Amino acid sequence: MPATGLLLLVDLDGVLYRGASPVPGVAEVLAGRARAGDDIVYVTNNSMWYRAEYVDRIAGMGAPVTADRIVSSPRATALYLVDHAPSVSHVLTVGASGLDRELEDAGFRVTRAGDAAEHIRGGGVEGTDGGNGWDAAGRPDAVVVGLDPKFDYLRLTVATDCVRAGARFVATNRDPVYPTERAVRPGAGAIVAAVEAASGITATSIGKPEPYLLEEAARTVGREPAEAVMIGDNLGTDVGAAVAVGARSVLMLTGVTTRADAESAPVEHRPTAIAADAAELARVLEALGRPARPT
Ligand SMILES: [Mg+2]
């Protein structure tokens, strides 16, 4: 037996559930792995929710979970700023309430772009040009952009003014679209692209396929990201992030990727293993968890 179990970094939508419906059997597989000693951390690019909001849903499906085992892109962004940007204390957010709460939990003072925009609209700052968005926002040290369902021109103006004034520019993720049960909607990446286009400055993006989300997720349980097995349904983001941190990966065919997609990917971007369903996931993890035979 290895000294410690596997570190499983588990994507949510397309792996544990699809929209409101659980993917059959996956929660049970994870519960069994946790009982056998694996560390399980859930990792999602979704930037809208506070981590506690996932707990009931995941637990209700029978999967092992506590709030500290959920590293969403807003949670990872907050942890990233704590670890990598010690001079940042005041953050302007373009996003939903989950993003604000994660940053506040990590000790940041948060100004919402919507509030700064209201301040401008109400005449609190003269004019709407000349970098007044930065003053309206209280001159923040950083701008964090996620998916903001109320995004508008004035919020774009505020965020752009702050970035142009020198605030550090961080994106929760670059997913161009956000699939809902009823339709495909513009994702955080579309809003990030708007601020990049207007400011001429490129954001640091925290979510998958960049390495930071998986790095922060591994750190929450005191382990190295290269030890992880990333379980995800998206070849570009999930497998891409695993490759970026040197981790192994299992591509689930229960979400957005087909076997043909996976097999036609360049060899360095292919997953370590592919699992069509929960039963195959269980077999694959069993094989990956076995200590390598000495040669
Ligand atoms: Mg997914």
Checklist entry - Name the pairs: first residue in segment 18-46 and on the phi < 0 side of the Ramachandran plot, second residue part of a strand (DSSP E or B) and more than 15 Å from the ligand (Cβ to nearest atom), Cβ to Cβ under 7 Å, at least 6 apart or on different chains? => result LEU30/ILE40; ARG33/ILE40; ALA34/ILE40; ASP39/LEU7
Item to check | Conditions (1) of a type outside the set (A, V, I, L, M); (2) over 16 Å from GLU227 (Cα atoms); (3) in contact with a strand residue (DSSP E or B) (Cβ under 7 Å, 6 or more places away or on another chain): number failed by ARG248 | outcome: (2)
Checklist entry - Looking at segment 70-168, what helices (runs of 4 or more DSSP H) fall wholly within it and have at least 1 residues that are under 23 Å from the mean Cα position of the chain (by Cα)? => result 73-84, 97-105, 113-121, 153-164
Next on the checklist: Checking the structure you have, find out if any residue of segment 42-58 is at pLDDT 95 or above, closer than 19 Å to ASP175 by Cβ and of a type in the set (A, V, I, L, M).
Outcome noted: yes
Checklist entry - Can you find a residue in segment 58-66 that is in a loop (DSSP other than H, G, I, E, B), of a type in the set (Gly, Ala, Ser), buried (at least 22 other Cβ atoms within 10 Å of the Cβ) and within 18 Å of the chain's Cα centre (by Cα)? => result no
Item to check | Residue tally, condition more than 15 Å from the ligand (Cβ to nearest atom) and either aliphatic (A, V, I, L, M) or in the same structural domain as ARG219 (by TED's automatic domain parsing) (or both), over segment 42-54 | outcome: 1
Checklist entry - In segment 18-26, is there at least one residue being part of a loop (DSSP other than H, G, I, E, B), within 16 Å of the ligand (Cβ to nearest atom), of a type outside the set (D, E, K, R) and modelled with pLDDT of 95 or more? => result yes
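The values are calculated or read from the model by the stated rules, or taken from the named source; none is laboratory data. Quantities reported herein were computed from a predicted structural model and do not represent experimental measurements. Neighbour counts run over all protein chains shown; Cβ positions are idealised from the backbone, glycine included.
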